[in-house]
Amino acid sequence: MFNKNKAERNLLYSEIERLKKINKKLEEENRRLREISEKIEKYRTEYQKLIENLKKIQKRYSEKLRVFNKLSIQYRKELEISKN
């Protein structure tokens, strides 16, 4: 009977140790995933800022391109008039 209780206790202790190891691995994995998640969120924020800046630049240059196109049309008309 004494040996049975000791054997059960040893099994319980070994199971506890096994669960502690698993828990430690899970904690490490959670920490690693959290760090990766934070990096992803940081890059997502930077990407959004970049896209916003690109849209601003695109808008600014599209306005300049419209002005340029208007000027080129006007210049062509003046050239045609001067030819005639």
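The values are calculated or read from the model by the stated rules, or taken from the named source; none is laboratory data. Here the structure is a predicted model, which is why all the values come from computation and not from measurement. Note: ideal-geometry Cβ built from the backbone for every residue, glycine included; neighbour counts use all protein chains shown.
What the table below lists for this structure:
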item: From Glu80, Glu38, residue being among the acidic types (Asp, Glu) and under 41 Å from the mean Cα position of the chain (by Cα); result: Glu38
item: Qualifying residue in segment 4-21 (condition: loosely packed, with under 10 Cβ neighbours inside 10 Å, at pLDDT below 90 and either over 29 Å from the mean Cα position of the chain (by Cα) or not in a helix (DSSP H, G or I) (or both)); result: yes
